[in-house]
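As structure tokens, the structure follows; a few thoughts come after it.
The values are calculated or read from the model by the stated rules, or taken from the named source; none is laboratory data. This structure is a prediction, so every number in the text was calculated from the model and none was measured. A quick note on method: Cβ atoms are made from the backbone with ideal geometry, for glycine too, and the neighbour counts reach across all protein chains shown. Side chains included, ligands, DNA and RNA excluded: accessible areas come from the protein's heavy atoms. Shrake-Rupley method; radii C 1.70, N 1.55, O 1.52, S 1.80 Å.
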Amino acid sequence: MTLHRKNLIDGEWLGEAGSRNINPSNTNDVVGEYASAGPDEAKQAIAAAKAAFPAWSRSGPLARHAVLKKTSDEIMARKDEIGRSLAREEGKTLAEGVGETIRAAQIFDFFAGETLRLSGEMVPSVRPGVGVEMTREGVGVVGIITPWNFPIAIPAWKIAPALAYGNTIVFKPAELVPESAWTIVDILHRAGLPKGVLNLVMGKGSVVGQAMLDSPDVNAISFTGSVGTGKRVAAASVEHMCKFQLEMGGKNPLVVLDDADLAVAIDCAVNGAYFSTGQRCTASSRLIVTDGIHDRFVDAVKERLDKLVIGDALDAKTQIGPVVDQTQLKQDEDYIAIGRQEGAELAFGGDRLERGTPGFYLQPALFVGSNNAMRISREEIFGPVANVIRVKDYDEALAVANDTPFGLTSGICTTSLKHATHFKRNSEAGMVMVNLPTAGVDFHVPFGGRKGSSYGPREQGRYAMEFYTTVKTAYTFAG
Ligand code: NAD
């Protein structure tokens, strides 16, 4: 049975469901058909969110807690079904889909708790008899624009704090993954959100997203996606003096030193570079390896890659699912060709794979003999492609790790306390991992990067408050 999903605008499910959502593991499988909004529907959604803001922003913490907690409970109870549906539309494995769904439930639970922990400050004024209160208020209508690679976790980590702190929302998910977006909105709607507080406008970025950017009634935009779109969000936001937050690409380094535990380094590299088909902003796409361990490391990675099961995301045995769609597959293959033209040696993989169903299967690719000036080292590929850069020592490794326009995550595998400590202090990334994959972060602590990877306050954990609230300073003279 084909699903037909509509947009949620001012508490009503609206629009014709006509846009098809295809399973990347089997392109004959249509997950469902989805409404594709135009600019007028985007404007209606913004108007509904604006009208709903005064009441929602003044609702008590218990009302917000109830909706967020109920949502968390339902997502957790349905984790297998939702995780499977996520894997079907995005192509990550069943285990990854269920894991991401559990994470979304945990995020809603965390922010349900935060509704009850809002606090302010009160200080005496420099003027006798005057009191000063500093409180936080919701920002207003928040536009939430999300990418396809974490179809439920990224919407959750934006929607949950936005609601917890009293904002209303216009949510525009990526076109490739509407089912996960629809599911989360359906659950929140049934959990008791008043009409207009959360609006779902599925559709094209250039149409719906652009209408959100063009509206003076959107007070803040939280965006995750590519650098190119992020720059458009920034330029448009400045035009309206709209608050904005950008989470964009990465070219994350994993440094492996001679003294590393080889088994740990292999786990970190293979997980970080290739799991979720390498389609993570936090993927370790640059493997920076010192001379003394280089050859052993490369041989062991190749051996591990050879054993990975690449196949249908819904098959429980699969370890790496397909690439998300034809466009991304072409981008991956183009970069594999570029790496060869630049003189890097393709040491493993890189070929299209045939499976029982038509899908976008690609063998994980590993380059060796690359340097940090090559395009494969500087540009985000966003697929199961990584390159090894050989360096002589720790100092060169750190310099190469930091020589990038991005700064989301970085990692080091070493048994040296001295090098681990120095790396944590001197790596120019927002998140640093020691003997852990660069991808895979906790849900209750800040997430975000530096340089070309991020702009604005951090997401997740208590730090999310910086973006989703604005501070008010009130003075009272009591006489
Ligand atoms: P994308 O920029 O193509 O799209 C992201 C969102 O922006 C989509 O919803 C899209 O419809 C919308 N959009 C497109 N054009 C728009 C416009 N003119 N106005 C407003 N919205 C518009 O990115 P993508 O391909 O979906 O996602 C992949 C990218 O996301 C990668 O670069 C990846 O690194 C990045 N990403 C970053 C993080 C992070 O936290 N740093 C996390 C996940 C993904």
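Brief remarks follow.
- Neighbours by Cβ (under 7 Å, 6+ apart or cross-chain): first from region 367-383, in a loop (DSSP other than H, G, I, E, B); second at pLDDT below 95: Glu380/Gly249
- Per-region count, region 218-231, residues of a type in the set (Val, Ile, Thr), outside any loop (DSSP other than H, G, I, E, B) and either under 18 Å from Ala429 (Cα atoms) or more than 9 Å from the ligand (Cβ to nearest atom) (or both): 2
- For the residues Asp267, Asp258, Asp291, Asp217, the requirement of being more than 17 Å from Ile389 (Cβ to Cβ), of a type in the set (Asp, Glu), in contact with a strand residue (DSSP E or B) (Cβ under 7 Å, 6 or more places away or on another chain) and open to solvent by 20 Å² or more (accessible area, probe 1.4 Å) singles out Asp217.
- Yes/no for Ile159 being in contact (Cβ under 8 Å) with a residue 40 or more places away in the chain and within 27 Å of Lys92 (Cβ to Cβ): no
- Any hit, region 132-142, residues being under 30 Å from Gly38 (Cβ atoms) and of a type in the set (D, E, K, R): no
- Considering region 137-152, the residues that are more than 15 Å from the ligand (Cβ to nearest atom) and in a loop (DSSP other than H, G, I, E, B) include one that is most open to solvent (accessible area, probe 1.4 Å), namely Val139.
- Residue match in region 232-246 (condition: within 14 Å of the ligand (Cβ to nearest atom), acidic (Asp, Glu) and modelled with pLDDT of 95 or more): no
Residue-wise test of (1) modelled with pLDDT of 95 or more; (2) touching a Pro at 6+ places or on another chain (Cβ under 9 Å); (3) of a type in the set (A, V, I, L, M).
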residue	(1), (2), (3)
Ile152	yes, no, yes
Ala156	yes, no, yes
Tyr165	yes, no, no
Ile169	yes, no, yes
Glu179	yes, yes, no
Trp182	yes, yes, no
Leu188	yes, no, yes
Ala191	yes, no, yes
Gly196	yes, no, no
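- Of all the listed residues (Gly131, Gly113, Gly166, Gly91), the sole one being over 16 Å from the mean Cα position of the chain (by Cα) and open to solvent by less than 10 Å² (accessible area, probe 1.4 Å) is Gly166.
- Considering only residues in region 274-298 that are among the hydrophobic types (A, V, I, L, M, F, W, C) and within 14 Å of the ligand (Cβ to nearest atom), the one that is nearest to the chain's Cα centre (by Cα) turns out to be Cys281.
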